[in-house]
1. When you go through 301, 328 one by one, which is the residue that is surrounded by 15 or more Cβ atoms within 10 Å (Cβ to Cβ), over 17 Å from the mean Cα position of the chain (by Cα) and over 24 Å from residue 119 (Cα atoms)?
2. Starting from the range 131-155, keep only residues that are under 17 Å from residue 183 (Cα atoms), then list their pairs with residues that are in a strand (DSSP E or B) whose Cβ atoms are within a distance under 8 Å, requiring at least 6 positions of separation or different chains.
3. Suppose we filter the range 193-220 for residues that are in a loop (DSSP other than H, G, I, E, B), touching a strand residue (DSSP E or B) at 6+ places or on another chain (Cβ under 8 Å) and surrounded by fewer than 24 Cβ atoms within 10 Å (Cβ to Cβ); how many remain?
4. State the number of residues belonging to the range 252-305 that are closer than 14 Å to residue 321 by Cβ and part of a helix (DSSP H, G or I).
5. Here are 108, 74, 142, 115: which of them is surrounded by fewer than 22 Cβ atoms within 10 Å (Cβ to Cβ), assigned to a helix (DSSP H, G or I) and at positive phi?
6. Answer yes if at least one residue in the range 40-61 is part of a helix (DSSP H, G or I) and in contact with a strand residue (DSSP E or B) (Cβ under 9 Å, 6 or more places away or on another chain), and no otherwise.
7. I'm checking my understanding of the structure. Among residues of the range 154-177 that are in contact with a helix residue (DSSP H, G or I) (Cβ under 7 Å, 6 or more places away or on another chain) and farther than 21 Å from residue 130 by Cβ, which one is surrounded by the fewest Cβ atoms within 10 Å (Cβ to Cβ)?
8. Of all residues in the range 80-97, count the ones that are under 15 Å from residue 161 (Cβ atoms) and surrounded by fewer than 20 Cβ atoms within 10 Å (Cβ to Cβ).
């Protein structure tokens, strides 16, 4: 393909004015691109999370207020994560199957208050419920047992769907769990409940603040490298995504976000399916730390990183900055 040469072509022409830059923008941000993760806790008081400035755990009876804020800002969906009390954690994560657990109660509060005005995405994994901090059932050798864990995850997903969840999001990275959950949802007449699979979830160093938020960080025995992906691998991510799509995922997720934009792009180009990115707790904390240190303008950093996800091909982004960013977009 031939192009005009300078000075016939001056690329700065279209950048010279604000109206022109707006007209030629290739990607745009909108509040509907965002999903807001929210942490739920027992008790009556908001609990600020020290490693995530500006983020809190919210009592169940106040979680609907946060969801309403999201809906009013144009955010279409919230993602829920429970901080299960230590006395309810166990080796087998049985609290995940309790229809009156924090997750199910929070779903009910939001549905009662907002109905269909906002979507609810729920995390399916056992780490918020286990005493050892792993995402599944651990064998005598310390290895997480795949198929036994999948059986529990299916029951966890049904528990959440029955409570009113709109999107089931398996984050555990067990083999075969998407297909098993999809079959169970169909058999239980939850045919409209979506699955957003954490299809390419890496064993990342960026998850520390999240583990503080759900109370599993100090409990974790060992690491998660036998089921979460090796950060060195890209082709393997495509194999994971292909499996989850074949098993019935409606959308897929890449996690973490900024360090894996290449994976977002490759997934989008290969599969042409809705792909979401999770701007995880460590990424959030870094932006907040940079802004607090005067190393960058917070608003500009937030919007630029979100735009990077869109440019890479993401349909949307899970981000703790969602409410702030949505309000910036409409100002």
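Every number in this text was worked out from the coordinates using simple rules, so none of it is lab data. Here the structure is a predicted model, which is why all the values come from computation and not from measurement. We place every Cβ from the backbone using ideal geometry, glycine too, and count neighbours over all the protein chains shown.
1. Criteria check complete, one pass: 301.
2. 153/124; 153/170
3. Counting residues in the range 193-220 that are in a loop (DSSP other than H, G, I, E, B), touching a strand residue (DSSP E or B) at 6+ places or on another chain (Cβ under 8 Å) and surrounded by fewer than 24 Cβ atoms within 10 Å (Cβ to Cβ) gives 4.
4. 20
5. 115
6. Yes, the range 40-61 contains at least one residue that is part of a helix (DSSP H, G or I) and in contact with a strand residue (DSSP E or B) (Cβ under 9 Å, 6 or more places away or on another chain).
7. Of everything passing the filter in the range 154-177, 164 is surrounded by the fewest Cβ atoms within 10 Å (Cβ to Cβ).
8. Of the residues in the range 80-97, 1 are under 15 Å from residue 161 (Cβ atoms) and surrounded by fewer than 20 Cβ atoms within 10 Å (Cβ to Cβ).
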